[in-house]
Amino acid sequence: MRRRWLFGDQLGPAFLDVPDQPVLMIESHDVLRRRPFHRQKAHLVLSAMRHRAAELGDQVTYLITDSYREGLAQVDEPLSVCQPTSWAALHFVDRLAAERDLERLPARGYATPRADFTTWADARGGKRLLMEDFYRDSRRRLDVMMEGAEPLTGRWNYDAENRERPPRTATLSLPEPWWPVEDEIDAEVRDDLDRLEREGVHFVGEDGPRTFAASRAESLAALADFITHRLPTFGRYEDATLREDRWMAHSLLSAPLNLGLLDPMEEVDAAVEAYRAGDAPIASVEGFVRQVIGWRDYIWHLYWYLGEDYRDRNELEAVRDLPEWFVELDPSGTDAACLSWALTSVRESGWAHHIPRLMILGNYALQQGWNPQQLTDWFHRSFVDGYDWVMVPNVVGMSQHADGGVLATKPYAGGGNYINTMTDLCGTCVYDPKLRRGEKACPFTAGYWLFLNRHRERFAQNFRMGQMVRGLDRLSDLDELVAENPDLA
Ligand code: FAD
Ligand code: SF4
């Protein structure tokens with residue numbers, strides 16, 4: 001049987017054909033030298049790879065090298081590999097296959113095979129590829145929460161129940177999420193990363209006890225804990241943010257899922273089982289299933305379907321560089337309480353939930369006209385769950401509207417009022433979310449109007465944006481606002 005070459009995000013049992021298959025793993029350190037990753041992300045990936053190697057024992061040839069090529073040169077036997085998760089790695093594997101005996105297999109770890117997505121998208125002429133349509137098609141095809149051809153309970157969508165404002169309490173009062181206990185492998189990884197730092201490798205973010213699952217056993221424990229303690233509350237406050245409750249009811253499963261340690265369908269099956277047992281309400285379960293086989297798979301498939309050039313799209317011509325404090329995850333670089341809070345979350349844990357990513361960090365970058373390619377790279381390096389396939393569509397498309405509306409029909413731009421409604425962060429801020437001018441002007445409120453004004457002509461053509469653009473005409477002080485902010489004019 002061919003030796004299976006596993007990339008660092010192919011760590012679960014599904015990436016082997018039989019449990020005792022011989023394996024090759026290469027821990028290449030060049031990548032850490034090229035770009036400054038979050039220290040906890042580097043730790044998580046190395047820890048997960050080494051935990052997998054420890055499980056595999058004699059089955060694995062585990063090489064620590066500078067580059068993949070250096071590692072591959074040490075192995076002179078036929079190999080097989082599952083499709084990697086970035087265009088760059090895919091091209092690398094294709095080049096290798098022309099040079100040596102390497103069997104290339106389809107991707108694993110996603111609910112919908114690539115061919116099924118292509119059939120679905122081509123049937124629409126490659127246009128109007130709406131997530132909602134893909135999600136319903138997936139529910140039918142995968143037979144998830146269906147009764148014949150109809151959705152269980154008769155409804156596809158519980159979004160309306162899943163958009164509640166934050167409660168008036170400081171936290172959701174849920175039990176602490178499942179946390180891993182570090183072991184000797186983590187200690188070894190920490191020593192190695194310390195050594196790399198002494199040799200001049202630059203990381204961002206704080207080191208800290210590992211927060212995310214790094215082995216199959218840990219991932220299953222984290223999944224079980226989520227299903228019991230957090231899933232029942234998952235949907236309701238999905239769009240809200242609380243200062244004292246970083247994790248809220250989120251699953252914290254994106255990291256093990258993207259490492260290949262969990263399969264999306266086993267997450268879905270566990271959630272549906274909780275609904276059938278009467279342990280979680282339908283709105284929460286549907287909301288979670290929608291994220292996993294809907295949004296996650298949709299993003300994965302668009303990464304490939306939209307082609308390699310998609311990453312370079314910059315329809316809004318956003319060219320400003322990311323400031324140093326943002327790149328270095330330094331919350332003291334801003335007085336905006338919401339932005340400083342979100343950066344602190346990333347600095348301390350390499351994670352923030354969806355709304356801080358989209359409506360605080362991404363929204364700010366969009367309003368400031370920061371370059372979407374630099375921002376994609378920043379998200380990729382700074383988040384524990386960041387990989388090329390998931391960052392490119394989420395940042396270029398969803399967050400920065402740099403594709404001109406392929407992925408999201410309107411930009412996710414919001415002013416201080418939105419943040420004040422959906423978070424409890426404005427209370428302690430030096431700025432006032434209602435003000436767009438003056439000493440206490442909220443940078444999000446001013447930024448929102450300046451963003452709309454910059455792109456007034458383009459957005460006037462967008463039927464979903466018309467009302468927002470017409471709002472500009474009601475601002476009596478627009479000229480002054482523009483004059484006072486020449487960089488954003
Ligand atoms: P939950 O809230 O518990 O959601 C359940 C699962 O749904 C997640 O674990 C994830 O696997 C999946 N999911 C939901 N939405 C998406 C989505 N848009 N794309 C992919 N998966 C999704 N997710 C990543 O996995 N990696 C990233 O690098 C990443 N970067 C993002 C960048 C931006 C600008 C935005 C707006 C979103 C990004 N997301 C990313 C999506 C989402 O924010 C995270 O998946 C989620 O916050 C992870 O936390 P969780 O596991 O607790 O998620
Ligand atoms: Fe953020 Fe503005 Fe609210 Fe301050 S007032 S927390 S800057 S939205």
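The values are calculated or read from the model by the stated rules, or taken from the named source; none is laboratory data. Predicted model only: the values in this text are computed from it and were never measured. Cβ placement follows ideal geometry from the backbone for every residue including glycine, while neighbour counts extend to all protein chains displayed. These accessible areas exclude ligands, DNA and RNA; they are computed on the full protein's heavy atoms, side chains included. Shrake-Rupley method; radii C 1.70, N 1.55, O 1.52, S 1.80 Å.
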| task | List every residue whose amide H lies under 5 Å from the amide H of Arg243, counting only residues 5 or more places away in sequence or on a different chain, with H placed 1.01 Å from N in the peptide plane. | result | Asp424
| task | Normalise the Debye intensity by I(0) for the chain, one equal point scatterer per Cα, no solvent, then take log10 at q = 0.11, 0.12, 0.13 Å⁻¹ and round to two decimals. | result | -0.99, -1.18, -1.39
| said: In whole Hz and in residue order, list the ³J(HN,Hα) couplings for segment 365-378 that follow from phi through the Karplus curve 6.51 cos²θ - 1.76 cosθ + 1.60, θ = phi - 60°; x for Gly and Pro. | reply: 4, 4, 5, 7, x, 6, 5, x, 6, 4, 5, 4, 4, 4
| Which residues' amide hydrogens lie under 5 Å from the amide hydrogen of Val204, considering only partners 5 or more residues apart or on another chain, with H built in the peptide plane? | Phe37, His38, Arg39
| task | Quick one: what are the phi-derived ³J(HN,Hα) couplings along segment 303-312, Karplus 6.51/-1.76/1.60 with θ = phi - 60°, whole Hz, x for glycine and proline? | result | 3, 7, 5, 7, x, 5, 6, 4, 4, 8
| query | Looking at the chain, which longest stretch skips every one of the trypsin sites (Lys or Arg not before Pro) that is in a DSSP loop with at most 10 other Cβ atoms within 10 Å, leaving the sites themselves out? | reply | 169-473
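Does segment 34-193 come out rounded, prolate or oblate by the C-alpha gyration tensor, with a ≥ b ≥ c the root eigenvalues, rounded set by a/c under 1.5 and, if not, prolate when a/b is larger than b/c and oblate if not? Display every interim value, and only then the final one.
Working: a/c = 2.45, a/b = 1.31, b/c = 1.87.
Verdict is oblate for segment 34-193.
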| field | GluC sites (Glu not before Pro) restricted to DSSP loop in segment 409-489 with at most 13 other C-beta within 10 Å | value | Glu439
| task | Provide the per-residue ³J(HN,Hα) series for segment 385-400, in order, calculated from phi with Karplus coefficients 6.51, -1.76, 1.60 and θ = phi - 60°, each as a whole number of Hz, with x at glycine and proline positions. | result | 9, x, 9, 3, 4, 8, 6, 4, x, 5, 8, 4, x, 5, 7, 9
| field | Relative contact order, percent, the chain [alpha-carbon distance under 8 Å, six or more residues apart] | value | 16 percent
| field | For segment 89-144, convex hull of alpha carbons as volume per residue, Å³ | value | 114 Å³
| request: Can you work out the accessible area per residue across segment 312-488, with the rest of the protein chains kept in place, probe 1.4 Å, in square angstrom? | output: 40 Å²
| remark: Taking alpha-carbon centroids only, segment 100-133 lies from segment 180-253 a number of Å equal to 30 Å
| query | Cα to Cα, under 24 Å, and not fewer than 8 places away if on the same chain: which lysines meet these conditions relative to Lys127? | reply | Lys410
| message | In whole Å, what are the extents of segment 3-105 along the principal axes defined by its C-alpha atoms, from largest to smallest? | response | 35, 30, 23
| Percent accessible area from carbon and sulfur atoms, the chain, protein chains only, probe 1.4 Å | 48 percent
| field | For Glu164, residues with placed amide H under 5 Å, excluding near neighbours | value | Glu238, Asp239
| field | Computed Rg/Rh of segment 100-251, alpha carbon atoms with Kirkwood Rh | value | 1.06
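Please say if segment 263-383 is rounded, prolate or oblate, where rounded means a/c under 1.5 for a ≥ b ≥ c the square roots of the C-alpha gyration tensor eigenvalues, and otherwise the choice is prolate for a/b larger than b/c and oblate otherwise? Please report the intermediate quantities before stating the final value.
Working: a/c = 2.82, a/b = 1.57, b/c = 1.79.
Oblate shape, in that a/c is at least 1.5 and b/c is the bigger or equal ratio.
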| query | What residues of segment 9-42 lie in the reach of a label at Asp183, counting those whose backbone N is under 18 Å from a point 7 Å from the Cα along Cα→Cβ? | reply | 11-13
| remark: Heads up, segment 312-488 by the C-alpha gyration tensor (a ≥ b ≥ c square roots of eigenvalues; a/c under 1.5 rounded, else a/b over b/c prolate, else oblate) looks oblate
| note | Calculated from DSSP helices alone, with each H run of at least 4 adding -39500 (n - 2.57) and the total divided by the residues of the chain, [θ]222 nm to the nearest 500 comes to -12000 deg cm²/dmol
| said: Given contacts defined as C-alpha pairs under 8 Å and at least six residues apart, what's the relative contact order of segment 3-105, whole-number percent? | reply: 31 percent
| field | Whole-number accessible area per residue in Å² for segment 3-105, which is evaluated in the context of all protein chains at 1.4 Å | value | 40 Å²
| request: Within segment 100-122, which residues have the backbone N less than 18 Å from the label spot 7 Å out from Glu55 along Cα→beta-carbon, could you tell me? | output: 108-110
